[in-house]
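The values are calculated or read from the model by the stated rules, or taken from the named source; none is laboratory data. All figures in this text were calculated on a predicted structure; none of them were measured in a lab. Glycine also receives a Cβ, built like all others from the backbone with ideal geometry; neighbour counts cover every protein chain displayed. Ligands, DNA and RNA are stripped out before the accessible areas are found, and what is left, the full protein with its side chains, is counted by its heavy atoms. Shrake-Rupley method; radii C 1.70, N 1.55, O 1.52, S 1.80 Å.
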Amino acid sequence: MTYEELYEKNRRYLWNPFTQMKEYLADEPVIIESGYGCRLRDVKGNEYWDGVSSVWLNIHGHQVPELDAAIREQLNSIAHSTLLGMGNVPAILLAEKLVTIVPRGLGKVFYSDSGAEAVEIALKMAFQYWKNRGVDGKTTFVTMREAYHGDTVGAVSVGSIDLFHQVYAPLLFPSLKIPFPNPYRNPYGESVEDVVNGSLRAVEEVFQKQGDQIAAMIVEPVQGAGGMVPMPSGYLRELRNLCSAYHILLIVDEVATGFGRTGKMFACEHDGITPDILAVAKGITGGYLPVAATLTTDEIYDAFYADYHEFKTLYHGHSYTGNQLGCAVALENLKLFEQRNLVAEVEQKAAELHHYLDPIRSLSHVGDVRQSGFMVGIELVADKATKQPFPLQQRTGVRVARRCRELGMLLRPLTDVMVFMPPLAAKLEELKDMTSILYQAIAEVTEDHQTRVAESR
Ligand SMILES: *Cc1c(COP(=O)(O)O)cnc(C)c1O
């Protein structure tokens, strides 16, 4: 089928997610036909780098023979049967595997189909945990400003990105919001210490005042959709201590950071902590199929373990929960992590990537370059000295991404933060090529560039 025919059918029948369809349809949308390695190919035959791992999912690249085979092999047995009230082979084996690779102490796995749902489950679990234990009044959640935990109504209630969330405000349950320790834009002072201490003081004040109403605090170790901002080192450990001291559960949302993305299998490992509840999704199947999981401690699981008539069951589960094809490919994905020693490799390649980003740092409209492993955020600003943003209507981030597309890389910016999240398997030469495209696109769009571009390519 030709591009024109597919475009017309897209226009008539398909409503794309998180997409302003007017803008999408006006800009010759890319329609993907296939992918291999870190490359995507569209139906016109153009090829691109998958610069954001198909929105933060992909691990080993596309069309990975081992992952393809794992799905085909599972198809010889069964594609799906329910996990409600019965088990299945790959779901059980994957649960065992996950428990061995997550931070120590998380002994139970509850499956779902998306990161947002893994968060919904975490919230319901925390809320019901206190109820089941007979503790009244702990019904509120603490979250961080600019947090993103998914787009369903519960996850949006603990979200804090006005652009995505404000319109739904009347639908949401209230949550308490603490400033995220963002050293680039912070209300507490200039140094990282000031930012960390200021934010932690704000957390403790809320815990002191309202601790007996708080079920849990939910955090992202690297604030993702809020602009790719890593928590300063040590912050998460302090938060863990505060939560324990005030009897508040700690939910860590590693939907984006999990599975090697930050150079550790899980970002919690940087601070050596174990949350009470851990939400994972994106990388779990290598970017192949929609599987997610919420992991928790035996202590929390035990608070639900009772005779049926006590009504302590966790009342959650979807049609496709624990899908066999998804669990089978997740198991194979984790096997490849081990065979390829991928996490250690990401840590090493990330150090090289840091150097490849140096030229970008020097551009006159790049305010901040933030990196945690293979998660990179490049914040574009109108004025580097004052950190003044570009006017929203200039669509600077979108224009840079559009230029990247012409130069052969697909990206999806967060307003004026250019997100760069290549597949973990990307080789050094590939990373070099991708970053030089990014450099050229930023230079061309944000400054008078012709000479600099000539220098860089
Ligand atoms: C993407 C993301 C989610 C939502 O995951 P979906 O699979 O898109 O529902 C939740 N939390 C974080 C931190 C994310 O990055």
* Over segment 67-339, what percent of the accessible surface lies on carbon and sulfur atoms, probe 1.4 Å? -> 54
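With Cβ to Cβ distances under 15 Å as the rule, what net charge do the other residues near SER34 carry (K, R +1; D, E -1)? Present the calculation step by step, with values, prior to reporting the outcome.
Working: positive: ARG39, ARG41, LYS44; negative: GLU33, ASP42, GLU47, ASP50, ASP68.
With Lys, Arg at +1 and Asp, Glu at -1, the net is -2.
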* To do: Hey, can you find the accessible area per residue of segment 67-339 for me, probe 1.4 Å, expressed in square angstrom?
  => 43
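With only Lys, Arg, Asp and Glu charged, each at its Cβ (+1 for the first two, -1 for the last two), find how big the charge dipole of segment 67-339 is about the Cα centre; round to the nearest 20 debye. Numbers along the way, then the final one.
Details: 20 positive and 30 negative charges, 17 e Å.
For segment 67-339, the charge dipole is close to 80 debye.
In Å³ and rounded to a whole number, note down the convex hull volume per residue for the Cα atoms of segment 194-333.
Values: hull volume 19.8 nm³, N = 140.
Dividing the Cα hull volume of segment 194-333 by its residue count gives 141 Å³.
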* Asked: Rounded to two decimals, what ratio of Rg to Rh does segment 210-280 give with C-alpha atoms and a Kirkwood Rh?
  -> 0.97
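Given Cα pairs under 8 Å that are at least 6 residues apart, what percent is the relative contact order of segment 67-339? Don't jump to the answer; show the numbers that get you there.
On the way: 499 pairs, mean separation 82.1, N = 273.
The normalised contact order for segment 67-339 reaches 30 percent.
Determine, from the Cβ-Cβ distance of SER364 and VAL55 and an R0 of 30 Å, the FRET efficiency 1/(1 + (r/R0)^6), rounded to the nearest 0.05. Walk me through the numbers on the way to the answer.
Values: r = 29 Å, r/R0 = 0.98.
Result of the calculation: an efficiency of 0.55.
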* Asked: Just how far, in whole angstrom, is segment 56-130 from segment 1-51 if you go by their alpha carbon centroids?
  -> 29
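At 0.36 nm per residue, minus the direct Cα-Cα distance, what do GLU193 and VAL135 gain on full extension? Give it in nm, one decimal, please.
Numbers: separation 58, 0.36 × 58 = 20.88 nm, distance 3.59 nm.
Length difference between fully extended and current span is 17.3 nm.
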* Asked: Looking at this model, which pairs from LYS138/LYS312; LYS97/LYS427; LYS108/LYS312 are more than 20 angstrom apart at the alpha-carbon?
  -> LYS97/LYS427
* Cβ under 14 Å from ARG185's Cβ, ARG185 left aside: what net charge do those residues give with Lys, Arg +1 and Asp, Glu -1? -> -3
* **Calculated FRET efficiency for the pair TYR13/LEU93, C-beta based, R₀ 41 Å, to 0.05** => 0.60
* Rel. contact order, % - alpha carbon contacts under 8 angstrom, at least six apart, segment 110-260 -> 25
* At 0.36 nm per residue, minus the direct Cα-Cα distance, what do ASN46 and GLU345 gain on full extension? Give it in nm, one decimal, please. => 104.7 nm
* Structure fact -> Nearest-0.05 FRET efficiency for GLN394 and TYR24 at R0 = 22 Å, using Cβ-Cβ distance, is 0.70
* Structure fact -> Between the residues THR321, GLY397, HIS354, the Cα farthest towards the positive end of the dipole of segment 320-403, that dipole coming from +1 and -1 charges on the beta-carbon of Lys, Arg, Asp and Glu, is from GLY397
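Using only C-alpha atoms and all pairs of different ones, pull out the Kirkwood radius for segment 47-198 in Å with one decimal. Show your work: numbers first, answer last.
Numbers: mean 1/r = 0.0512 Å⁻¹.
Evaluated over segment 47-198, this radius sits at 19.5 Å.
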* Asked: Cα extents of segment 1-105 along the three principal axes, largest first, in whole Å?
  -> 49, 31, 30
* Along the charge dipole of the chain, Cβ charges K/R +1 and D/E -1, which of TYR111, LEU176, THR274 sits furthest on the positive end? -> LEU176
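Could you please tell me the mean projected area of the C-alpha convex hull for segment 67-339, averaged over all directions and given in square nanometres to one decimal? Spell out each step's value before the answer.
Working: hull surface 59.0 nm².
So the Cα hull casts an average projection of 14.8 nm².
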* Run down the aspartates and glutamates and flag those whose C-alpha is under 17 Å from the C-alpha of LYS264, throwing out any fewer than 8 positions away in its chain. => GLU220, ASP253, GLU254, GLU338, GLU345, GLU347, GLU352
* To do: Could you tell me what percent of the DSSP beta bridges with both partners in the chain are antiparallel, to the nearest 5?
  => 65
* Asked: Using every alpha carbon pair in the chain, what percent of pairs falls into each 20 Å bin from 0 up to the bin containing the largest distance?
  -> 24, 57, 18, 0
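Have a look at the DSSP beta bridges in segment 67-339 and tell me what percent are antiparallel, nearest 5. All intermediate terms of the calculation are to be shown ahead of the outcome.
On the way: 11 of 24 bridges.
So the antiparallel bridges amount to about 45 percent of the total.
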* Test item: Cα-centred dipole of the chain, Lys/Arg +1 and Asp/Glu -1 on Cβ, debye -> 300
* To do: Using Cα positions and a limit of under 12 Å, work out the aspartates and glutamates in reach of LYS384, with same-chain residues fewer than 8 apart set aside.
  => ASP368
* Structure fact -> If each part is reduced to its alpha-carbon centroid, segment 257-321 and segment 141-218 end up apart, in Å, by 21
* What residues qualify as long-range amide H neighbours of SER114, i.e. H under 5 Å apart, gap of 5 or more or another chain, H built at 1.01 Å from N? -> ALA292
